[in-house]
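Coordinate-derived values only; no laboratory data. Model, not experiment: these values are computed from the prediction. Cβ sites come from the backbone with ideal geometry, for glycine too, and all protein chains shown count toward neighbours.
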């Protein structure tokens with residue numbers, strides 16, 4: 001059985017005062033599903049110290065373990081704070097920092113070497129969706145971004161259609177199901193049925209309390225990677241609770 005996962009990506013948001021939101025999520029985080037919060041790097045150590053039932057992760061890492069890379073953070077540094085996960089290949093990194101699949105792949109290998117679990121993001125733009133290229137794009141990103149050696153323990157895949165992130169637009173449940181079923185089939189084909197079925201698949205892109213339960217009922221959706229709605233417990237707790245309900249069902 002794949003344990004459900006509710007992951008929150010705080011992006012470039014959050015000062016020390018906002019760490020109290022993690023405290024307010026604790027009760028929901030003890031309800032069966034795994035809960036992950038990825039705050040900015042400046043908050044990692046303090047977030048780990050008060051994590052309780054919640055896992056803490058980074059939002060990116062450098063592919064190298066150390067070196068002359070001003071402003072970057074290595075996977076080993078994230079692990080040294082007590083973080084257990086790292087998000088890689090998010091569309092904002094791919095777009096704003098011109099990251100390509102091969103760089104994401106190298107970062108993923110470095111994360112695994114440091115003992116971190118990698119949440120690898122894939123997703124198509126609106127132009128690619130409208131050109132009916134979604135599955136080709138996703139297939140290419142999966143092949144290029146995930147190294148050999150994936151397991152259900154070290155890898156999570158998050159499908160985030162770029163056009164749905166922060167826009168309020170959400171694919172239909174049929175569209176989400178089509179992509180998640182495709183990802184599952186590709187993972188099984190590459191890594192074998194056992195590993196392919198053990199990797200958790202998250203949906204991300206304008207997930208909110210109002211639509212969470214419907215999304216969690218879709219085939220091969222094992223949870224969500226949530227942006228803005230993870231910043232406050234009042235928004236994220238109902239999403240966690242919807243996932244806990246899906247786990248019970």
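Some points to look at:
- Spin-label model, residue 19/residue 66: points 7 Å from Cα along the beta carbon direction are separated by 2.6 nm.
- Helical content alone sets the calculated 222 nm signal of the chain at -12000 deg cm²/dmol, taking -39,500 (n - 2.57) per DSSP H segment of four or more residues and averaging over every residue.
- Here, P(r) means the percent of Cα pairs in each 10 Å bin from 0 to the largest distance; for the stretch 155-249 it is 17, 48, 29, 6, 0.
- Sorted ascending by nearby beta carbons within 10 Å, beginning with the fewest, 167, 125, 172 become 172, 167, 125.
- GNM flexibility winner over the chain from 199, 156, 73 (Cα, springs under 10 Å): 73
- Among 205, 149, 89: highest mean-square fluctuation, GNM of the chain, C-alpha pairs under 10 Å: 149
- The fewest-to-most ranking of 243, 202 by surrounding Cβ atoms within 10 Å reads 202, 243.
- Sorted by Cβ density within 10 Å, fewest first, the residues 116, 126, 231: 126, 231, 116
- Normalised by the number of residues in the stretch 5-248, the average gap of Cα pairs under 8 Å and 6 or more apart makes the relative contact order 21 percent.
- Cα convex hull, the stretch 28-182: 134 Å³ per residue, rounded to a whole number.
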